[in-house]
1. Give Leu139, Leu115 a once-over and let me know the one that is outside any loop (DSSP other than H, G, I, E, B), at pLDDT 95 or above and either surrounded by fewer than 18 Cβ atoms within 10 Å (Cβ to Cβ) or at negative phi (or both).
2. Quick check on segment 134-156. Is at least one of its residues more than 13 Å from Leu6 (Cα to Cα), in contact with a Lys or Arg (Cβ under 8 Å, 6 or more places away or on another chain), among the β-branched types (Val, Ile, Thr) and touching a residue at least 24 places away in the same chain (Cβ under 8 Å)?
3. So which residues in segment 1-55 are of a type in the set (Phe, Trp, Tyr) and crowded, with 18+ Cβ neighbours inside 10 Å, if there are any at all?
4. Among the residues in segment 185-208, are any under 22 Å from Leu109 (Cα atoms) and touching a Lys or Arg at 6+ places or on another chain (Cβ under 8 Å)?
5. Kindly establish whether Ala207 is surrounded by 14 or more Cβ atoms within 10 Å (Cβ to Cβ), of a type outside the set (S, T, N, Q) and either more than 21 Å from the chain's Cα centre (by Cα) or on the phi > 0 side of the Ramachandran plot (or both).
6. Hey, among Glu175, Glu197, Glu170, which residue is outside the structural domain of Gln41 (by TED's automatic domain parsing) and surrounded by fewer than 17 Cβ atoms within 10 Å (Cβ to Cβ)?
7. Which ranges mark the helices (runs of 4 or more DSSP H) fully within segment 1-105 that have 2 or more residues being under 17 Å from Phe121 (Cα atoms) and free of Cβ contacts under 8 Å to residues at least 40 places away in the same chain?
8. Condition check: more than 23 Å from Leu109 (Cβ to Cβ), of a type outside the set (Ser, Thr, Tyr) and modelled with pLDDT of 95 or more. Does Arg180 satisfy that?
Amino acid sequence: MIFRVLGPQAGARKPATLLAALLLHANAWVSLDELIDEIWQEQAVPASADRNVRTYVWQLRQVLPPGRIDARPRSYRLRVSPGEVDSDVARALLERSERVAADEAVGCLNSALELWRGTPFAELRAETAVAATAWLQELRWELRERLADAYTRLGRHGEAIAVLRVLTSEDPLREGTWARLVRALHAAGRRASALSEYQRVCDFLAAELGVEPGPELVRARREVAA
């Protein structure tokens, strides 16, 4: 079975929030009080909250394989095996992409990216899932950078450039991504565009941070100039 954390949980909202909270702490005990805080969040907690949580747990047990949710006084635990969470699958596909030829790597990386269906742990409060969502955002970023690299190795420069333009617009402070874009444009025979993008990021770094480009960007510029 695959548990999905790379997007909203299916089903009714409160049981879905319960499942998301248990998945965030997979294989660890989660107190009833923590679950109540997540399920009702800014809402007034009803007097029947304890009983309602037990009902939601019962509902989840109807759709999960037997023995997945353990209970003890005022705590629950979801049992998850390695590789049963879609984020684990994405990580495994990333690792596989590093060991195979570029054309197969493209398939692995696109398959991993297709696992994203929205915001991970969207049902939970932002502060609750901040560490997990940050890690998953970095994983998705790395998948897209590696996909651009694989496209470049295959000579599919237009696709590499398209991916990298999206990334640089999402986070223009990542110099490594700009360096990839400069190199991809150069590899596509677009030397003037490569130099233009280099100058654009230099201007941005100077205006926003008051800094010069770092070593990786400078190396990319030298490669284009050479």
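1. Matching residue, one of Leu139, Leu115: Leu139.
2. Yes, because at least one residue in segment 134-156 is more than 13 Å from Leu6 (Cα to Cα), in contact with a Lys or Arg (Cβ under 8 Å, 6 or more places away or on another chain), among the β-branched types (Val, Ile, Thr) and touching a residue at least 24 places away in the same chain (Cβ under 8 Å).
3. Phe3
4. Yes, that holds for at least one residue.
5. No.
6. That would be Glu170, the only listed residue that is outside the structural domain of Gln41 (by TED's automatic domain parsing) and surrounded by fewer than 17 Cβ atoms within 10 Å (Cβ to Cβ).
7. Helices (runs of 4 or more DSSP H) meeting the threshold: 32-40.
8. no
The values are calculated or read from the model by the stated rules, or taken from the named source; none is laboratory data. Since we're looking at a predicted model, the values are computed, not measured. Cβ: placed from backbone, ideal geometry, glycine included. Neighbour counts: every protein chain shown.
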